[in-house]
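Worksheet: one structure, shown below.
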Amino acid sequence: MAPRVRRRRETVAVLTAAGLMTLGLGVPGASAAVEPRIDLRVLVVDNGDSSVEAITAQLESTGIPYTTLDLNDPGRPAVTEAFLSDTVNGRPRARFQGIVLPHEAPFGAGSAEQTALETYERTYGVPQVDAYTWAHPGVGLDHTSEGGWAGALDGREATVTEAGRAGWFGYLDGPLAFEDIDPAVQESYGYVARPRAGFTSYVDIPVPGGTGRGSVVGEYAHDGRRELVVTFAYNQHQRQFRALARGVVEWLTQGVHLGRSRNHFAVHVDDVLAADSRWDTERDCTPGDLDCAGGEGEGTTPIRMTAADAAYAAQWQRERGFTLDMVYNAGSGEQWKTENGGTDPLADRLLADRARYRWINHTYTHPFLGCVQDTSTVPWTCAKNADGSTRYMSRAEIAAQIRDNQNWATAKGLPVDRTELVTGEHSGLKTLPQQPADNPNLAGALADTGVKWIASDNSREPQQRPVGAAVTVPRHPMNVYYNVGTEAEMTDEYNWIYTSRADGGSGACEDNANSTCLDEPLDLATGYDSYIVPQEARIALGHVLAGDPRPHYVHQSNLAEDRILYPVLDKILADYRAMFADNTPLENPSHSAAGTELKRRAAWRSALDAGRVTAYRVGDTVTVTAPAGTQIPVTAPEGTRKQLLLGTTTFGTPYAGRRSAWTAPELLQSAVTLKLP
């Protein structure tokens, strides 16, 4: 298992705990005259289990501040009353709004630490998540021997109960299937058990081999405390957890917390108006690539969309309610027109439907914008100047590629945002191993042409970074290859990459420690639909459910011929919409919107890490301060209002049954102030 890296958030990011009564949380130890302050920070008690790490990952991606108490660290602080609470300006303060435990009693039942924690929860009405535990009366459930069941949940369907729909899991709709990726591997073990008095099931499952239904997620209210009891094992990547993670965190924070989470999905279609090279199924390479130059097969027909393909794309968008981003090369299209009788029905059809798409500049003719490539060797190298320095494409040449493509768009009436750019092959940015640094002329060319958001490849550079005054927008590559137009070609290349040498593949999967070889080659007639489509849809949907705003990218070849992209997109959209209620729509951000989201998240993390955020709740008032210019993510219940200099206004926008926003202090204010319903 890879070493775990933790970011300790010791920032006092406190969303003051006003109005516990608003959430139905009594505070027995607090005076009616002095409401307690509850810091909206989560305490994570971590023993290294994957279930705790999964919830921590959800806190991290949402932007919720948390403090990790590592049970495997002999130097950790003890859990005492002083660790959990204190007094600020005469007001009692609870340092944590919610507690995440690996199970119900990690310090030992009756121990001093466990007693201190339970007393704290009881006094301040702070809820506790038992990340994974077994079914027994101590957590409000019958033993599985009493009409329940224990075993592998792989492939089984769970359902959000009526109580779950009415509360924290109301954003889910329809059955929730436990993943069963590999039938030979047990992926999720769990306990299905009947609730006892005080237990409310939120997610249940039919008792296998028995009668009735048993809980796998539910709330146990007892002894003045409340626990969210989860009785199945999981990790942060499994779909069943990703779907439930939002509800777990909203229950833990009672719907009032720093951070926000939306589900995003955008698809960039690169090389529009250009043609893409075709995979040679006999030679197992792509003619035109440096490792496939010369010889028989060099004349393989390139792949390019037709007018019929463009009409289908527009129709598909209308029917699915989803917008594609067309990443275009106008110069390549003009060259195609010149070489084919002076007309281009594809361009005509796309231009007729121009308003149906979003458009992104992909440079005029798709050249490599980095160092000048010396192709006399395989792999290629960077050409050198006479003095031995690296020879790069000039600033003027790069700017001309950007500007010419933009000018064509303006002349044709395309709605293009000049601040957005995708370079061919993400060139101009560093390309390892040959070009370890950006083309030094790139940043200036971006400034000359007004580009603020330049795409990068997430598989190479997953973190956003500056390029002069611009910043990168990492994009997820999809395993729907640029050089295939048919399902058989796609499957043939997939087999070459993912089968062993003994099975006729390249063996690359054997050489890469992070890859796994297929047990046997996929059938060329059926392998795409039966294996590749569900595999790629599952990976992309995993990004969506993790709240990742990074776009995905494919190529125009995937909309041509067999139109192989659509089955993948259809499965992603269908699976998402079957899982989520209408109040949790799939957001489809533009290139710049995705970049803005990533940039705000990075600034927010920096503010938290630097200890420069303070947030607290007293009564029904929430107050948050952060460094000047920082956008603050906040989630709150419906009916929440934001304080203006005079009066209030409705806070945020609705999503998944809550309201959330990136926000900042209003004019002449130093803090964000919210009034809870």
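Structure data summary
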read-out	value
Trypsin sites (Lys or Arg not before Pro) lying in DSSP loop within segment 623-677, provided at most 14 other Cβ fall within 10 Å	none
For Asp387, Asp609, Asp309, order by how many other beta-carbon atoms lie within 10 Å, fewest first	Asp387, Asp609, Asp309
Modelled label reach - Thr119, point 7 Å along Cα→Cβ, segment 59-96 residues with backbone N closer than 20 Å	77-88, 91-96
Semi-axes of the equivalent ellipsoid for the chain, Cα gyration tensor, largest first, Å	49, 30, 23
Cα gyration tensor shape for segment 440-502, rounded if a/c is under 1.5, else prolate or oblate	prolate
Cα gyration tensor shape for segment 226-287, rounded if a/c is under 1.5, else prolate or oblate	oblate
Positive-end residue of Pro208, His222, Ala135, charge dipole of segment 133-233 with Cβ unit charges	His222
Only Lys, Arg (+1) and Asp, Glu (-1) charged, at Cβ; the chain dipole about Cα centre in debye	3520 debye
Sequence ranges 510-520, 176-186, ranked by mean other-Cβ count within 10 angstrom, highest first	176-186, 510-520
Simple spin-label estimate for Asn72 and His136 in nanometres, 7 Å along Cα-Cβ	2.3 nm
Above-threshold pairs, the threshold being 22 Å between Cα atoms, out of Lys337/Lys412; Lys571/Lys599; Lys384/Lys430; Lys384/Lys452; Lys337/Lys430	Lys571/Lys599; Lys384/Lys452; Lys337/Lys430
Residue exposure sequence - Leu153, Leu545 - by fewest surrounding Cβ within 10 Å	Leu545, Leu153
Residues Glu250, Glu319, Glu118, Glu81, sorted so that the one with the fewest Cβ neighbours within 10 Å comes first	Glu319, Glu81, Glu118, Glu250
Distance between modelled label sites at Tyr566 and Asp620, nm, 7 Å Cα→Cβ extension	5.3 nm
Cα centroid separation - segment 320-363 against segment 39-104, whole Å	53 Å
For segment 543-576 versus segment 639-677, the gap between their alpha-carbon centres in whole angstrom	35 Å
Computed helical MRE - 222 nm, the chain, DSSP H runs ≥ 4 contributing -39500 (n - 2.57), nearest 500	-7500 deg cm²/dmol
Global form of segment 133-233, assessed from the alpha-carbon gyration tensor, a/c cut-off 1.5	oblate
Per DSSP, loop GluC sites (Glu not before Pro) in segment 582-654 with at most 16 further Cβ within 10 Å	Glu638
Calculated diffusion of segment 28-182, Stokes-Einstein form, Kirkwood radius summed over Cα pairs, 25 °C and 0.890 mPa s, µm²/s	137 µm²/s
Selection of trypsin sites (Lys or Arg not before Pro), segment 367-397, meeting DSSP coil and at most 13 other Cβ within 10 Å	none
Stretchable slack from Asn47 to Ala610, in nm (0.36 nm times residue separation minus alpha-carbon distance)	200.1 nm
Relative contact order computed over segment 133-233 (Cα-Cα under 8 Å; 6+ residues apart), in percent	31 percent
Nearest 10 degrees, 0 to 90: helix 307-320 Cα axis against the chain principal axis	10 degrees
Dipole magnitude of segment 133-233 about its Cα centre (Cβ charges: Lys, Arg +1; Asp, Glu -1), debye to nearest 20	400 debye
Candidate lysines - alpha carbon under 23 Å from Lys675, same-chain residues fewer than 8 apart omitted	Lys642
Relative contact order for the chain, counting Cα pairs under 8 Å that sit 6 or more residues apart, in percent	15 percent
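Rule-based calculations on the coordinates, nothing more; no lab input. This one's a predicted model, so the numbers in the text were calculated from it and none came from an experiment. Cβ coordinates were reconstructed from backbone atoms using ideal geometry, including for glycine residues, and neighbour counts include every protein chain displayed.
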